[in-house]
Structure formats: structure tokens, C-alpha cells
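These notes concern the structure reproduced below.
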Amino acid sequence: MTNRIKKGFTLIELLVVIAIIGLLASIVLVSVNSVRRKARNATKLETIHTLINAFNLGLSDGGSLPVPSLSTFFGACLNANCPEGQIDATVDAFLAPYLPQKPLISSGGGASDKFYYVTSIAFNGVPGAYIMYWLEPPASCDPGTLNSLTANWLQCQIKID
């Protein structure tokens, strides 16, 4: 009998290592996507606080909340990347002294990246002025309230006092 020195790995050993690496990589990717979603939601909530502060500063300077001249479903878009038909000059002029730069959020496009200022619509039976925004689940609309829920988005609104 000859003694053979075993060099290298068997095919089974290599396949097991590759399977383990693939499993670990998929777990890391899921975790990264969850963290990215939470970061996008945190950015949107911080922007909501900035918008609320801008509206409240306008009110404290003796003004009254603007009435959008638009008749769109969503109202006046408050973002820097709004579609042409959703920009309201009255709302923009009201916010200009208190909001030097309009927010720019980009997380997939569509209404989910926008903040809308809406008046004369009663959410949950309470008439007033609101900011509508969207978050990715799982999330909470705090400090606002939930308006509707889909598999991909929470539509939230917060009342401007």
C-alpha cells in the first residue's frame, strides 16, 4: 500500500463552506436593508419637524396659515423635487423666510418621497391644516397619525397648530 499525502479539500468540504458563506451573506443583506429603511424614515421624520417649525414660525410672526391655490388631491407639494403641477407659490412664499431650502428626499420616487400641505380636509373628523407624508413599514407615524396603510407604505398626517 502506498501512503498518499492528502492535499487540498474535498468537493463536499468546499460546497459546505460556500453554503455557509452564502447564508451569512443573505443575513447581512437583510439587516442592511432594514437599517437603510429605518434611516430613510428617520430622515423623513426630521424633515417633518423642520416643516412644522417653519409653519409655526410663520404663525408666530402674526401670519395665518396659507391656503393653497391648487386644487390637487394631495395639495401643495413641499419638496424641492415636486412635479410642475403641484408647486404652490402662496405656500412657498409663506415658508421662504423660515425654510431656506426645500427638503429633497429620494427613496424610490412617486408620492412616497414627497411632503404635502393640505387644508380644508378633515382627517379623522378634525378639520385644519395638515402635512401628509409616507413612511416605510414597520414604522410608526408618531408624532402624526396614520391615515392609510398598504404593504409598502404608511400614509401619515400631522396637524399644524
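The values are calculated or read from the model by the stated rules, or taken from the named source; none is laboratory data. Remember, predicted model here, so these are calculated numbers, not experimental data. When we count neighbours, we look across all protein chains shown, and the Cβ atoms used for this are built from the backbone with ideal geometry, even at glycine.
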Q: With the checklist (1) free of Cβ contacts under 8 Å to residues at least 24 places away in the same chain; (2) assigned to a helix (DSSP H, G or I) in hand, flag the one item residue 41 doesn't pass.
A: (1)
Q: Would you check if residue 85 is assigned to a helix (DSSP H, G or I), under 21 Å from residue 129 (Cβ atoms), of a type outside the set (Lys, Arg) and at pLDDT below 85?
A: yes
Q: Just one of (1) within 21 Å of residue 99 (Cα to Cα); (2) modelled with pLDDT of 90 or more trips up residue 25, so point out which.
A: (1)
Q | Residues that are within 20 Å of residue 105 (Cβ to Cβ), touching a residue at least 12 places away in the same chain (Cβ under 8 Å) and either of a type in the set (A, V, I, L, M) or touching a Lys or Arg at 6+ places or on another chain (Cβ under 9 Å) (or both), drawn from the stretch 122-144 | A | 130, 131, 132, 133, 134, 135, 136, 137, 139, 144
Q. Got at least one residue in the stretch 38-57 being at negative phi and more than 28 Å from the chain's Cα centre (by Cα)?
A. no
Q: Go through 69, 64 for me and flag whichever is loosely packed, with under 10 Cβ neighbours inside 10 Å and either closer than 23 Å to residue 132 by Cα or of a type in the set (Val, Ile, Thr) (or both).
A: 64
Q) Could you say whether any residue in the stretch 2-9 is modelled with pLDDT of 85 or more, of a type in the set (A, V, I, L, M, F, W, C), exposed (fewer than 10 other Cβ atoms within 10 Å of the Cβ) and over 24 Å from the mean Cα position of the chain (by Cα)? A) no
(Q) For the stretch 15-34, check the following and say yes or no: at least one residue is over 24 Å from the mean Cα position of the chain (by Cα), surrounded by fewer than 17 Cβ atoms within 10 Å (Cβ to Cβ) and in contact (Cβ under 8 Å) with a residue 12 or more places away in the chain. (A) no
Q: Return yes or no: is residue 54 at pLDDT below 90 and in contact with a Phe, Trp or Tyr (Cβ under 7 Å, 6 or more places away or on another chain)?
A: no
